[in-house]
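K.L.:
The structure's right below; bear with me while I get my questions together.
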Amino acid sequence: MVAAAHDHDVLIVGGGPGGLATAHALSKVLPSGSSIGVLERNPNIHRPQGAGISLDANGLKALRAIDAALYESVAASELSTSIKASEMRTKAGEVTRTIPGEVMEAQDTMMLARYGVKSVQLPWHDLVMVLFHALPKSVEFMQGVKMQRYEQLADGSVAVFVEGKEQPVTARLLVASDGYFSPVRRQLLDDGPPDFKDVVIFRTTISEEQAVAAGFKAGYNVLYFDEEACGLLFRTNSSTYSLVVSLQTWHLEKCGVDPSTLLRTGDAVPGLSGSWELSRKLDLEHAKVSLQTALNGWDPALMKAIASLPADRWVVHGVYCRSSAKMDPSHFGAGNVAIVGDAAHPIRPTGQGANMALEDAYFLAQAVGRDPIGLSALGEFRAARAERMRPVMRQSEVGAARAYKRGAAAEVDDPGAPVEPSDPEAENKQREDEQRSFRDFLYGVVMEPLRAAEVAKA
Ligand SMILES: Cc1cc2nc3c(=O)[nH]c(=O)nc-3n(C[C@H](O)[C@H](O)[C@H](O)COP(=O)(O)OP(=O)(O)OC[C@H]3O[C@@H](n4cnc5c(N)ncnc54)[C@H](O)[C@@H]3O)c2cc1C
């Protein structure tokens, strides 16, 4: 790319896992001397946020193919001691099933043997920090800068307008990695907001010391599955646990909590159509009290853990998705605008959101590397990503339909949920076969290391 008259060759909106991985990947394939800018609206990305994330074989392979050193840093945060067991508990805290740690280890061994990589659980914020601290010098990271809208310029470049500044930032290629309420996608596609799935999620991390003080056993993962809410405590590394609670909106309402007070959808940007944007600031004290109200009477250990965590350590958001049936190459952008990560494919938090964002980063860079001067390879990138993403989105819909059919939140609107046999043995066999072939499709993906561009920028 040749962009002497522009501020950057590439401007990435969003400094989450997708945007940061894209900055790394593009810096590998663009001619030396090219510049990459990243706009991140969060004024302090160093403040720990979020809970844990599971990087699976496909996401880790993408990271390794982008930069082996990034993969090494992430793999180094792997558990130093194994998980003793996973407990399934009722909401009252009664243990109904214990899965020994060896079962999980066997799964890891199988993953390693079959796909060459095993999953890594790490705090979401650690992943962001690994990616941020390793950014090459050619990347300018602009923190606390919120994009509002963009404009196509006559010379084929893009001008991005940010809050509080008149002068736009210009670039040859705009990459939107701005999350599931992507303002770039909204302007480009104007296809309405993603569907709210009537679930509000609370995420945070908790130290082992705090978890044990609350009454949990060291080295144990704990899972609660109830029709009104689900809870998950899982170890992300030797000292940190991830704590995630998802609440059904009908249950919140039953408890006298207005779910909309826990969502950040607010006003639209003036001048743009539609009326949706993640703009409202959440009252996290209110959110924590709402969580405690909705879980009143649940496992005392869980309640004690929640009470011990400050309100401002929680990330609270709604679950928003788009349907696999509607997935289309245009969701990955058009012309000199590329869309990646949750912005392109918001799915249920099944763990594939981050993994697919890392894959997007890799494949976008591969396309740009094939044609660094023009943008012709981006069409192939979009078509291939839509093709790969469709079954992944579909799998999360089928999983949700199965999980929630027990509760009041049955996903009857999800298109084409399979008709299942009534014979439990046949049902299990069908499920195992499906899971095996899906795993092969997902984790068997081949990604060669990105090759550095040989040309220098003119
Ligand atoms: C604070 C936070 C905590 C999270 N915690 C977890 C977790 O614990 N576990 C988990 O599985 N997933 C978590 N996620 C979601 C997870 O990051 C995504 O599902 C997935 O990794 C895809 O990443 P992404 O980069 O596409 O999107 P995101 O991670 O959502 O990143 C989008 C980024 O774009 C920025 N942005 C949005 N609009 C603008 C704008 N107008 N101008 C500038 N910047 C903008 C956002 O601030 C954000 O940093 C979290 C996301 C966030 C934002």
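K.L.:
Heavy-atom accessible area of L232 with all protein chains present, probe 1.4 Å, nearest 10 Å²?
P.N.:
Rounded to the nearest 10, the figure is 60 Å².
K.L.:
How much length is gained if the chain between S260 and N42 is pulled fully straight, taking 0.36 nm per residue apart and subtracting their Cα-Cα distance, in nm to one decimal?
P.N.:
Details: separation 218, 0.36 × 218 = 78.48 nm, distance 2.24 nm.
Using 0.36 nm per residue and subtracting the Cα-Cα distance, I get 76.2 nm.
K.L.:
With every atom except the alpha carbons ignored, what do you get for Rg and Dmax of region 195-321, in angstroms?
P.N.:
Cα-based Rg and Dmax for region 195-321 come out at 15.7, 54 Å.
K.L.:
Next question. How many nm is it between the label spots at T96 and K146, if each spot is 7 Å from the Cα in line with the beta carbon?
P.N.:
Spacing of the two 7 Å Cα→Cβ label points: 4.3 nm.
K.L.:
Continuing with the same structure: Round to the nearest 10 and give me the degree value, 0 to 90, for the angle of helix 352-370's Cα axis relative to the longest principal axis of the chain.
P.N.:
20 degrees
K.L.:
Give the aspartates and glutamates reachable from K165 as a straight Cα distance under 18 Å; neighbours fewer than 8 places away on the same chain don't count.
P.N.:
Within reach: D7, E40, E140, E151.
K.L.:
Share of Cα-Cα pairs in region 300-405 beyond 22 Å, in percent? Could you put the intermediate results ahead of the total?
P.N.:
On the way: 2459 of 5565 pairs.
The answer is 44 percent, as a whole percent.
K.L.:
May I ask for the angle, rounded to the nearest 10°, between helix 101-115 and the longest principal axis of the chain, with both axes built from Cα atoms and the value confined to 0 to 90°?
P.N.:
Compared with the principal axis, the helix lies near 30 degrees.
K.L.:
Another question about this same structure. Length gain on complete extension for the stretch Q292 to K304, per 0.36 nm per residue less the alpha carbon to alpha carbon distance?
P.N.:
Values: separation 12, 0.36 × 12 = 4.32 nm, distance 0.99 nm.
Here the answer is 3.3 nm.
K.L.:
Mind scanning K254/K281; K197/K254; K146/K281; K217/K304 and naming the pairs with a C-alpha gap bigger than 22 Å? The partial results should precede the final answer.
P.N.:
Values: K254/K281 24 Å; K197/K254 17 Å; K146/K281 14 Å; K217/K304 14 Å.
Cα-Cα > 22 Å for K254/K281; rest within.
K.L.:
Check the straight Cα-Cα distances from K118 and name the lysines below 20 Å, setting aside those fewer than 8 residues away within the same chain.
P.N.:
Output for K118: K61, K84.
K.L.:
Taking N as the number of residues in the chain, what is its Cα Rg relative to 2.2 N^0.38 Å?
P.N.:
On the way: Rg = 22.0 Å, N = 458, 2.2 N^0.38 = 22.6 Å.
Output field value: 0.97.
The values are calculated or read from the model by the stated rules, or taken from the named source; none is laboratory data. Remember, predicted model here, so these are calculated numbers, not experimental data. All Cβ positions, even for glycine, are placed from backbone atoms using ideal geometry, and neighbour counts span all protein chains on display. Only protein heavy atoms, including side chains, enter the accessible area calculation; ligands, DNA and RNA are left aside. Shrake-Rupley method; radii C 1.70, N 1.55, O 1.52, S 1.80 Å.
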